[in-house]
Amino acid sequence: MAKEKEKTEAKKAAPGKLKLQPLGDRVVVEREDSEVRTAGGIYLPDTAKEKPTRGKVVSVGNGRLLEDGKRSPLQVKVGDRVLFTSYAGEQFKVGEQELLLMHESDILAIIE
């Protein structure tokens with residue numbers, strides 16, 4: 001009976017429907033695709049591409065815990081396009097989707 005329940009729950013948590021809730025002041029970002037062609041028209045292989053430093057916020061935590069026990073609200077929100085350092089955060093995969101988990105302080109700017 002318990003095994004049947006686990007199988008049902010595994011089906012519900014399909015890769016595209018997995019919900020990520022980062023903790024504290026962490027943010028989940030999806031990197032934008034990098035350019036595959038230079039200005040001169042030369043196509044670059046994956047090994048020659050630089051890591052993109054722009055992305056879209058997919059999920060945000062509930063804020064940094066302050067000394068008085070309250071939470072500091074985050075400056076970014078889901079859907080914001082952001083600029084961050086090229087080696088910011090920890091990269092991980094959910095299904096075929098590659099995401100980054102980083103602290104809000106790793107984000108340099110919001111792109112409007």
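The values are calculated or read from the model by the stated rules, or taken from the named source; none is laboratory data. Bear in mind the structure is a predicted one, so any value in this text is a computation, not a measurement. Here Cβ is always computed from backbone atoms with ideal geometry, including for glycine, and neighbour counts include all displayed protein chains. Remember, those area values only see protein heavy atoms, side chains included, never the ligands or the DNA or RNA. Shrake-Rupley method; radii C 1.70, N 1.55, O 1.52, S 1.80 Å.
Tabulated data for the structure shown
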{"quantity": "Accessible-area order (highest first, 1.4 angstrom probe) of the listed residues Ser105, Ser72", "calculated": "Ser105, Ser72"}
{"quantity": "Test item: Cα-centred dipole of the stretch 51-112, Lys/Arg +1 and Asp/Glu -1 on Cβ, debye", "calculated": "120"}
{"quantity": "Net charge over other residues, Cβ less than 11 angstrom from the Cβ of Arg26 (K, R count +1; D, E count -1)", "calculated": "-3"}
{"quantity": "Under 5 Å, built H, 5+ apart or other chain: amide partners of Asp80", "calculated": "Val57"}
{"quantity": "Carbon + sulfur, % of accessible area of the stretch 56-101 - ligands and nucleic acids excluded, 1.4 Å", "calculated": "49"}
{"quantity": "Lys/Arg +1, Asp/Glu -1 at C-beta; the stretch 48-112 dipole; positive extreme among Leu108, Pro52, Phe92", "calculated": "Pro52"}
{"quantity": "Net length gained if the chain between Leu65 and Gln21 were fully extended (0.36 nm per residue, minus Cα distance)", "calculated": "14.3 nm"}
